[in-house]
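The values are calculated or read from the model by the stated rules, or taken from the named source; none is laboratory data. Only a predicted model underlies this, so the values are computations on that prediction, with no experimental measurement involved. Using ideal geometry, Cβ is built from the backbone for each residue, glycine included, and neighbour counts are taken over all protein chains shown. Only protein heavy atoms, including side chains, enter the accessible area calculation; ligands, DNA and RNA are left aside. Shrake-Rupley method; radii C 1.70, N 1.55, O 1.52, S 1.80 Å.
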Number of protein chains: 2
Amino acid sequence: MRFHRQTISVEEATRRLLSELERQGEEQIAIYEAAGRILARDITATCDLPPFDRSPLDGFAVRAADTAGASADRPVTLEVVETIAAGEVPRIALGPGKATRIMTGAMLPEGADAVIMFEQTEQPGQLAREVRLKRSLRAGENLSRRGEEVPAGSVVAKAGERINPGTLAILATFGYKWVPVVKKPRIGLLSTGPELLGIDEPLVPGKIRNSNAIMLAAMIAEAGGIPVMLEGLPDEPAAAKARLAACLEDVDMLVTSGGVSVGDFDVIASLADEPDVALLFNKVAMRPGSPTTALRYQNKLICALSGNPGACFLGACLFLLPAVRTLSGEQTGASPGPTIWATLGETYDKPCPYPRYLRGRLTEEGGRLYVWPDWNHKAGNLCTMSMSECFAIIPPGGRGKQAGELVEVLPHAMPSWERVQV
Amino acid sequence: MRFHRQTISVEEATRRLLSELERQGEEQIAIYEAAGRILARDITATCDLPPFDRSPLDGFAVRAADTAGASADRPVTLEVVETIAAGEVPRIALGPGKATRIMTGAMLPEGADAVIMFEQTEQPGQLAREVRLKRSLRAGENLSRRGEEVPAGSVVAKAGERINPGTLAILATFGYKWVPVVKKPRIGLLSTGPELLGIDEPLVPGKIRNSNAIMLAAMIAEAGGIPVMLEGLPDEPAAAKARLAACLEDVDMLVTSGGVSVGDFDVIASLADEPDVALLFNKVAMRPGSPTTALRYQNKLICALSGNPGACFLGACLFLLPAVRTLSGEQTGASPGPTIWATLGETYDKPCPYPRYLRGRLTEEGGRLYVWPDWNHKAGNLCTMSMSECFAIIPPGGRGKQAGELVEVLPHAMPSWERVQV
């Protein structure tokens, strides 16, 4: 299998991988812990919103009919019967010729059908027994009616949504102190390769420090998984297989980096030949990272990324993160994300047998999107990864794409809308 | 000051607020805790990258001169002198007619000036004393030279950058187990208003649950601050002032929601009249949230947002988050973020005396950006806040903007590039 691989498209590889995965179970957590988690169920409004007729401003609740003909020159005078602060319940129903001094968010008194703002009355700062209105009002003016935003029972947030600050406001409003969320998947992380040193080890000739593990751990955590750092994989295939089996017991999925290529010591590549390991794919039509591999072993998935930092990063965006999001039950998790189209800012004419994913950044000019590929196109380039916001996808073939042509773009981070050259 | 306020622009308000703030001090943290933090210093490469000449693929290191004339029909035969795995140091320098079997990432032997991939040799899977090359190579082909990506001493990440997965890969590569970051600012959170209930309290007439505090706490945490939840503010101005003074001792900045308007019980508005409280602004040319206020008291800032959820959210995006980012030392923190231009998807023709910030979403069509305002334009609308990705800024005046016109857009979250109607 090492040298004779069947190439499949990114889309087909994604489909094969994600179709193996099921959403994790559900748990109840306190709302204070819920930011960034995925809702396991639809959330319904437990009351009308607003829960009562209320004033949207500071002023006077009135009967619109009483205000007819009022103007700055000929103000209408009403008797003020009480003052209602937010949180209070009015005690006096408004009769003809009466007004209630009322604050933003306060409950309207019975009989009121309009609110005039302080600034449209005379001497608004003064508490007085009378108010003089400088304009007339229509019935219904400046009122928030009970349930006008959402009636009780409506779905206000959907299963599969990631809880953001706005979702928290909804949950708090409707009294959800406990929130049903999907359990976080545990993702085991293994790096392969005898050349790898720990972060705090001194460099020695021929070796490099392991940069993929901590990068992948951060990506997994951002996507909503729990990264579980595991010790490196042995070189020898039987020992490696035993170690994988042990690791898989404790996690919902395993991700490895390195060892997927055609080298003599590529232990992941050799595993694909084992009878009890199912190969989902081991060659994807993409650059970098075409030897990216996925296996099923002990009924769990192993997502095996390239060891090359750039290929590892791309593979994580295309395969690992959608897998984590699918396990997490995120609605938008079933693919690497929607692609968009943008005008290529600079010509890229290197030929490639497969679609090439160039890291880049987005800008806007006159309402048009532009994508600027990383100036350093080497797959292994590690030092520009932190600046990347998206991948510009250059179609396969000999001609690449010229500046000014539209290209497909896969966003992976929030754009800063600034072009930064490293 | 309550009714007679000086209106200033969003830009001027931002300038006044941020010019009061200084970056927090620095601390060293373990790389494992560093995701999302802001670098306090430039990070330099502690070695060349790559640290040695290496092979970017699995194959044979050769002397290009030896390969002249090789083809599939007339292969060139070289003697294989050793096999080098990644992490190993070659023992044998290549002489004429010799080759070294070499794996991806492994150190090149002395004398080699090109690498041929396995697939371009005969019987690549087989370990043998000879290799037959099916093509010729140029000197320098398929080599990664020491330092070609980054020479030692180069700045590879800058002070003020937020540490993302790519930054972590850089830090790990260069052995930064400890990372200099800016200390997280502590942001105190106070909600004002006797109408507010806790999340787990049952609704009673006239009252609503506090949804702003938890929303703001999540926004502060996302921006890199430590939200410090404080008890509500008393109604009575002297008691409120004493409480603010006590709260300010324990935090770097205070944010409040509610109490900024012209109501009789708007305690923040009344504070602006106190002689030992400096008013930075209390009226901003924007809708919603024009009474947004900023004060300096006890030599610290109080950012006082509207109580209305939509106005509170906008005020937080425009003022609070840039303040948190400035305290955190983030490079891009000095404004609410760059605005972009997008084609308005739907006409919005409601007149407004001030620029109106409509929550919305971005889409792309044919390489052009479109912005779709929230269908429910009421400022107080809480249930669509979770779907918002940006604000479309409708300029002041009577005509609004027509569908198809370009409008200025302030992004505040990563676009999903999907139009979702709630």
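Straight Cα distances below 23 angstrom link A:Lys401 to the lysines A:Lys350, A:Lys378, with same-chain residues fewer than 8 positions distant left out. Averaged over the residues of peptide B:217-225, the number of Cβ atoms from other protein chains lying within 10 Å of each residue's Cβ is 3. Buried accessible surface for the A/B chain pair comes to about 7500 Å², total over both chains, computed with a 1.4 Å probe. Computed over the protein assembly as shown, the P(r) tail beyond 54 angstrom holds 23 percent of alpha carbon pairs.
Karplus-based coupling profile of the stretch A:244-259, in residue order and whole Hz: 4, 4, 5, 4, 5, 4, 9, 10, 8, 6, 10, 10, 10, 10, x, x, with θ = phi - 60° in 6.51 cos²θ - 1.76 cosθ + 1.60 and x standing for Gly or Pro.
Between the C-alpha center of the stretch B:238-269 and that of the stretch A:1-51 there is a gap of 41 Å.
The rotation axis taking chain B to chain A passes closest to this chain B residue's Cβ, listed with the gap in Å: B:Met414, 2.
The solvent-accessible area of B:Tyr32, taken with every protein chain present and a 1.4 Å probe, is close to 130 Å². Between amide H atoms placed 1.01 Å from N, distances below 5 Å from B:Glu122 occur with B:Arg132, B:Lys134, all of them 5 or more places distant or on a separate chain. Solvent-accessible surface, computed for protein heavy atoms with a probe of 1.4 Å, shrinks by 40 Å² or more for the following residues of the stretch B:26-65 when the other protein chains are added to the isolated chain: B:Tyr32, B:Phe52, B:Asp58. In the stretch A:193-210, comparing the full protein assembly with the chain on its own, the residues that lose 10 Å² or more of accessible surface at a 1.4 Å probe are A:Pro194, A:Glu195, A:Ile199, A:Asp200, A:Leu203, A:Pro205, A:Gly206, A:Lys207, A:Ile208, A:Arg209. State the Cα centre-to-centre distance between the stretch B:392-422 and the stretch A:328-365 in whole Å. What the calculation gives is 24 Å, centre to centre.
Given their separation in residues at 0.36 nm each and the Cα-Cα distance between them, A:Ala152 and A:Glu27 gain 42.5 nm when the chain is fully extended. Looking at chain A alone, DSSP beta bridges between its own residues are antiparallel in about 70 percent of cases.
Using 0.36 nm times the number of residues separating B:Glu249 and B:Ala128, minus their current alpha carbon distance, what extension gain do you get? Numbers along the way, then the final one.
Working: separation 121, 0.36 × 121 = 43.56 nm, distance 7.51 nm.
Length gained, B:Glu249 through B:Ala128: 36.1 nm.
Which whole-number value in Å² is the accessible area per residue of the stretch A:114-231, probe 1.4 Å? Before the final figure, lay out the partial values.
On the way: 4900 Å² over 118 residues.
So the stretch A:114-231 comes to 42 Å² accessible per residue, rounded to a whole number.
Placing a pseudo-label 7 Å from each Cα along the Cα-to-Cβ vector at A:Leu197 and A:Arg74 gives an inter-label distance of 9.2 nm. The distance separating the Cα centre of the stretch A:57-78 from that of the stretch B:90-107 comes to 94 Å. If you roll a 1.4 angstrom probe over the protein chains with everything in place, what fraction of the accessible area of the stretch A:275-317 belongs to carbon and sulfur, to the nearest %? Within the stretch A:275-317, the accessible surface is 45 percent carbon and sulfur.
Cross-link partners for B:Lys283 among the aspartates and glutamates, with Cα-Cα distance under 13 Å and sequence neighbours closer than 8 places in the same chain left out: B:Glu11, B:Glu12. Between amide H atoms placed 1.01 Å from N, distances below 5 Å from A:Cys390 occur with A:Gly360, A:His412, all of them 5 or more places distant or on a separate chain. Treating each Cα of the stretch B:227-318 as an identical point scatterer and summing with the Debye formula, the log10 of I(q)/I(0) at q = 0.20 Å⁻¹ comes to -0.94.
Accessible surface for B:Asp235 stands near 80 Å², nearest 10, in the context of the full protein assembly shown (1.4 Å probe). Out of A:Ser55, A:Ser191, A:Ser257, any idea which swings most in a Gaussian network model of chain A, alpha carbons joined below 10 Å? Maximum fluctuation in the GNM of chain A, among the listed residues, is at A:Ser55. Taking all protein chains together, A:Lys207, B:Lys350 sort by accessible area into B:Lys350, A:Lys207, largest first [probe 1.4 Å]. Based on C-alpha pairs under 8 angstrom that are at least 6 apart in sequence, the stretch B:340-411 has a relative contact order of 48 percent. Calculated accessible area for the stretch B:265-363 comes out at 30 Å² per residue, all protein chains present (probe 1.4 Å; ligands, DNA, RNA ignored). Listed by chain and number, the aspartates and glutamates whose alpha-carbon sits under 18 Å from that of B:Lys241, ignoring those within fewer than 8 places in the same chain, are B:Glu231, B:Glu249, B:Asp250, B:Asp252, B:Asp264, B:Asp266, B:Asp273, B:Glu274, B:Asp276.
Structure remark: mean-square fluctuation, Gaussian network model of chain B, C-alpha springs under 10 Å; the largest value among B:Met219, B:Met103, B:Met385 belongs to B:Met103.
Under the criterion of Cα pairs below 8 Å and six or more residues apart, the relative contact order for chain B equals 16 percent. Computed from the C-beta positions of A:Arg419 and A:Arg296 and an R0 of 45 Å, the FRET efficiency is 0.60 to the nearest 0.05.
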